[in-house]
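Worksheet: the structure to be examined is printed underneath.
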Amino acid sequence: MNNETLKNIKERRSIRAFKKEQIPDEALKAVLEAGTYAPTSRGMQAPIIVAVQNEQLKEKLANLNAQIMGATSNPYYDAPTYILVMAPEDARYPVHDCSCVLENMMIAAQSLGIGTCWIHREKEMFECEEGKQLLQEMGLQKNMIGVGALAIGYPEGTPSPAKPRKPDYFKIIK
Ligand SMILES: Cc1cc2nc3c(=O)[nH]c(=O)nc-3n(C[C@H](O)[C@H](O)[C@H](O)COP(=O)(O)O)c2cc1C
């Protein structure tokens, strides 16, 4: 079977090189809104999504992430926008909820011709004092559990097709 949704799911790839051009606000809002329609435990809508386009804040986030990673390059691949997804520490299933939000946004972006890559280490970032300062700078509570982020922007170049799926990835038991 095939349709636009299945095509977008199959054609989405992690994008690690971005054009400098910013994505339009309308597209960003559509992606963020798609995130808000993800399923959440008990329908509580626990996740919080923060899109960052401020260059000083992006630099601070990239430096902290790189420090945790032990890298010198920008872990967000110099994308024009970073989207952070987190949940308050009293959320019931923060990782599951936020992962659904992240995936929804990745597929929505793909459908708009926009590339994304899940960027990790948000958990460690917002556990440390420097990260908590950044949460405050973003007008958020300090008690957030970081789950993941997206680097998002127009892809530079064309990614290679997805690797073949492992043959025993799923089974159907009737
Ligand atoms: C939980 C998780 C963490 C990830 N962290 C990173 C990361 O920090 N940096 C990165 O470049 N890609 C990261 N990725 C992207 C994976 O490397 C990528 O999805 C995988 O290689 C498959 O490639 P595809 O997305 O193009 O299908 C992450 C993906 C997931 C689901």
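The values are calculated or read from the model by the stated rules, or taken from the named source; none is laboratory data. Because the structure is predicted, anything quoted here is derived from the model rather than measured. Cβ coordinates were reconstructed from backbone atoms using ideal geometry, including for glycine residues, and neighbour counts include every protein chain displayed. Quick note on the areas: whole protein, heavy atoms, side chains included, nothing else; ligands and nucleic acids left out. Shrake-Rupley method; radii C 1.70, N 1.55, O 1.52, S 1.80 Å.
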Between residue 73 and residue 3, what is the spin-label point distance in nm, taking each point 7 Å from the Cα along the Cα→C-beta axis?
-> 3.9
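If a/c stays under 1.5 just call it rounded; otherwise compare a/b with b/c (prolate if a/b is bigger, oblate if not). Do that for region 21-153, with a ≥ b ≥ c from the square roots of the Cα gyration tensor eigenvalues. Write out the running numbers ahead of the final one.
Details: a/c = 1.71, a/b = 1.04, b/c = 1.64.
Here region 21-153 falls in the oblate category.
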Could you give the nm distance between label points at residue 172 and residue 136, where each point is 7 Å from its Cα heading toward the beta carbon?
-> 5.6
For each pair in 60/163; 10/123; 58/166, compute the distance between the two Cα atoms and list the pairs where it is over 31 Å.
-> 60/163; 58/166
Amide H partners (placed H, <5 Å) of residue 145, local residues excluded | 87, 89
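Carbon and sulfur together cover what percent of the accessible area of the chain at a 1.4 Å probe radius? Numbers along the way, then the final one.
Numbers: 5510 of 10620 Å².
Within the chain, the accessible surface is 52 percent carbon and sulfur.
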Work out from phi, with θ = phi - 60° and the Karplus expression 6.51 cos²θ - 1.76 cosθ + 1.60, the ³J(HN,Hα) of each residue of region 18-24, listed in order in whole Hz, and give x for Gly and Pro.
-> 10, 5, 5, 3, 6, 6, x
For residue 52, distant residues with modelled amide H under 5 Å away | 82, 83, 84
Just subtract the alpha-carbon distance of residue 59 and residue 20 from 0.36 nm times their residue separation and send over the number in nm, one decimal.
-> 12.5 nm
Could you list the trypsin sites (Lys or Arg not before Pro) in region 19-77 that lie in coil according to DSSP, counting only those with at most 15 other Cβ atoms within 10 Å of their Cβ?
-> 19, 20
What are the ³J(HN,Hα) values, in whole Hz, obtained from phi via the Karplus relation 6.51 cos²θ - 1.76 cosθ + 1.60 with θ = phi - 60°, for each residue of region 97-104 in sequence order, with x given for Gly and Pro?
-> 4, 5, 5, 5, 4, 4, 5, 3
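Please find the FRET efficiency linking residue 90 to residue 112, where r is the Cβ-Cβ separation and R0 is fixed at 25 Å, and quote it to the nearest 0.05.
Working: r = 34 Å, r/R0 = 1.35.
The value I calculate is 0.15.
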